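Contents: one structure, followed by commentary.
The values are calculated or read from the model by the stated rules, or taken from the named source; none is laboratory data. Here the structure is a predicted model, which means the values were calculated and not measured. Virtual Cβ from ideal backbone geometry, glycine too; neighbours counted across all protein chains shown. Accessible surface areas use protein heavy atoms only, side chains included; no ligands, DNA or RNA. Shrake-Rupley method; radii C 1.70, N 1.55, O 1.52, S 1.80 Å.
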Amino acid sequence: MNKYLMLLLLAFVTIGAFADVPVEVDGALHIAKVNNFDRINFNEIKGTDADKYEISNSSIVINDMADWQNWSADVDVKENVQLYINHINNWKDGDLVAHITSTDLLNDVTIKDVDGLYRTLFESEYENVKLYLVRETNYTKVFNNSRGKFLESIRQNNPNDKMLLAMDRATNMNEVNSVMNSSYHFNPMILMNPMKTINRSNLSDFLTDITDSGFGANVDYVLSDKINNFGANIYTKNKYKDLYFLVGVNLNSFSYNDNLNDFTGFAYGLNVRAKQYIDRLWLDGMIGINRTNFKTNDIYINENISNNPNGMSEYVRFSVGYDCAKISEFAISPFVGFMVQRNSVMDLVDTDINLHTGAIARYDFVMDGIKYEYAANVSVDEQGDWNIGLKIGFLSVVDKAGAFASVNAFKDEFATNYKFSLNANIQF
């Protein structure tokens, strides 16, 4: 049989499963011509047994980019060819198609489900077209709206902004959205995190005894790996029948720093505390309010940009205790109660309510006209947050003037914090 006829029959048998792709035999060379096909699957082309492939006026669907890139056949891409790449999970930078005879292909590649952080870049090198995915850090191109313009304005004003640096390290849009949601630039409620800690330090502190009358002042320092706060409180305390009460004015200057946020603020407010004994049973309550001024830049909310916002916080504590072990100057008082915090900034509101329980131990005695006081307290709430405090102080019985120092360690939702306090007071 004529050898050319044998080769022709062999070619048709080999591509029987791909009869729609015309194959032209040129001497001993098998050439598969793909012409005028709409969205033909690449696997159908690859399944043919040809030495060379000519593709023109067709679109090809590629499901596995690695298969396409590892295809070792001689491919001659003609004009009007479009590629539809379903995903690029196995793709790596490199040749997209070899032996290009038309550069029209550069504008005719569609990649489905490419993460919005990436853009495609095509380069021609001799007769090869190379495809690269480039991580986009110009967020006006990523978001294409006012949010993108806002992000670029931050980059111009502060190229080392923590949020932007974290966004640039993100590998997908989910990570980018998570970073933005964890930054005060897009989530202003984060500005209230330090105030939540400061309020919590006041709510957890049972060490200021108000079972007398007088006035005093204390300074304190709260710190953790996120917050540094210098606070001061001036108060007066008195009693009405069996009800003791305290009214104080407090000031706080703080800085807050975590892996995404860095800002400062100043807060001032008022707190009122009351305590009443009914035999060994006692009731202790506190209510307070703070206004906070923040020093920040570039906050984006509801497509508006704001700077230096103000915040408000209100808090309440109520506890019931019982001096179950009272021996001379020593007493142990277990207690139960609840705390409530409400914080707001820029029309955003967050309310936290939790129950707590704990105990207070007190010991005092008088020696040589000096009254010595020692106290400790411990508490825990249903969220697993806790507080431990120690106090030591003295009071001149004759002069009715005294001072004490205390240290508290407490864990809140953000970190483990430490509070150091010094107090001076005079009794009436």
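So, in region 412-428, of the ones that are of a type outside the set (D, E) and in a loop (DSSP other than H, G, I, E, B), which residue ends up nearest to the chain's Cα centre (by Cα)?
F414
So I360 ticks every box in (1) assigned to a strand (DSSP E or B); (2) among the hydrophobic types (A, V, I, L, M, F, W, C); (3) without any contact (Cβ under 8 Å) to a residue 60 or more places away in the chain but one. Which box is left unticked?
The number of the failed condition is (3).
Take region 219-230 and flag every residue that is open to solvent by 10 Å² or more (accessible area, probe 1.4 Å) and not in a loop (DSSP other than H, G, I, E, B).
V219, D220, Y221, L223, N228, F230
How many residues are at pLDDT below 95, in a strand (DSSP E or B) and of a type in the set (G, A, S) when one looks only at region 322-356?
Within region 322-356, residues that are at pLDDT below 95, in a strand (DSSP E or B) and of a type in the set (G, A, S) number 3.
Say we look at region 197-218 and pick out the residues that are among the aliphatic types (A, V, I, L, M) and surrounded by 21 or more Cβ atoms within 10 Å (Cβ to Cβ); which of these is farthest from R342 (Cα to Cα)?
So the residue we want is L207.
Where the second residue is open to solvent by 30 Å² or more (accessible area, probe 1.4 Å) and aromatic (F, W, Y) and the first is within 16 Å of L223 (Cβ to Cβ) and lies in region 253-269, which pairs have Cβ atoms under 7 Å and are six or more apart or on separate chains?
From region 253-269, the pairs are S253/F230; S253/F266.
Need pairs with beta-carbon distance below 7 Å; first residue within 9 Å of F37 (Cα to Cα) and open to solvent by 50 Å² or more (accessible area, probe 1.4 Å) and within region 47-63, second part of a strand (DSSP E or B) and not acidic (D, E); sequence gap 6+ or separate chains.
Taking only residues 6 or more apart or on different chains, the pairs are N57/N35.
Consider T211 against the criteria (1) without any contact (Cβ under 8 Å) to a residue 60 or more places away in the chain; (2) of a type outside the set (A, V, I, L, M); (3) outside any helix (DSSP H, G or I): it satisfies all of them except one. Which criterion is unmet?
With respect to (1) without any contact (Cβ under 8 Å) to a residue 60 or more places away in the chain; (2) of a type outside the set (A, V, I, L, M); (3) outside any helix (DSSP H, G or I), T211 is out only on (1).
One line per residue, one yes/no per condition, for (1) surrounded by fewer than 16 Cβ atoms within 10 Å (Cβ to Cβ); (2) touching a helix residue (DSSP H, G or I) at 6+ places or on another chain (Cβ under 8 Å); (3) assigned to a helix (DSSP H, G or I); (4) at positive phi:
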| residue | (1), (2), (3), (4) |
| --- | --- |
| T137 | yes, yes, no, no |
| I154 | no, yes, yes, no |
| P159 | yes, no, no, no |
| M163 | no, yes, yes, no |
| A166 | no, yes, yes, no |
| S178 | yes, no, yes, no |
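Could you list, ordered by first residue, the pairs with Cβ atoms under 6 Å in which the first is in region 372-389 and farther than 14 Å from I332 by Cα and the second is of a type in the set (A, V, I, L, M) and open to solvent by less than 40 Å² (accessible area, probe 1.4 Å), at least 6 apart or interchain?
Qualifying pairs under 6 Å: I388/A409; G389/L207.
How many residues does region 140-198 hold that are in contact (Cβ under 8 Å) with a residue 24 or more places away in the chain, in contact with a Ser or Thr (Cβ under 6 Å, 6 or more places away or on another chain) and over 30 Å from E314 (Cα atoms)?
The total comes to 1.
Consider H30 against the criteria (1) crowded, with 18+ Cβ neighbours inside 10 Å; (2) at pLDDT 75 or above; (3) under 49 Å from the mean Cα position of the chain (by Cα); (4) not polar (S, T, N, Q): it satisfies all of them except one. Which criterion is unmet?
(3)
Name the residue that is nearest to Y256 (Cα to Cα), counting only residues in region 289-334 that are open to solvent by 70 Å² or more (accessible area, probe 1.4 Å) and aromatic (F, W, Y).
If we take residues in region 289-334 being open to solvent by 70 Å² or more (accessible area, probe 1.4 Å) and aromatic (F, W, Y), then F318 is nearest to Y256 (Cα to Cα).
Report, by residue number, each residue of region 269-284 that is surrounded by 15 or more Cβ atoms within 10 Å (Cβ to Cβ) and closer than 27 Å to N310 by Cα.
G269, N271, R273
Conditions: (1) open to solvent by 30 Å² or more (accessible area, probe 1.4 Å); (2) out of contact with any Leu (no Cβ under 7 Å at 6 or more places or on another chain); (3) touching a residue at least 12 places away in the same chain (Cβ under 8 Å). Y240 meets all but one. Number of the miss?
(3)
Among the numbered conditions (1) surrounded by 15 or more Cβ atoms within 10 Å (Cβ to Cβ); (2) modelled with pLDDT of 95 or more; (3) of a type outside the set (A, V, I, L, M), tell me where S253 comes up short.
For S253, the exception is condition (1).
Of the conditions (1) within 34 Å of the chain's Cα centre (by Cα); (2) outside any loop (DSSP other than H, G, I, E, B); (3) surrounded by fewer than 20 Cβ atoms within 10 Å (Cβ to Cβ), V247 clears all except one; give me its number.
Checking V247 against (1) within 34 Å of the chain's Cα centre (by Cα); (2) outside any loop (DSSP other than H, G, I, E, B); (3) surrounded by fewer than 20 Cβ atoms within 10 Å (Cβ to Cβ), the one that fails is (1).
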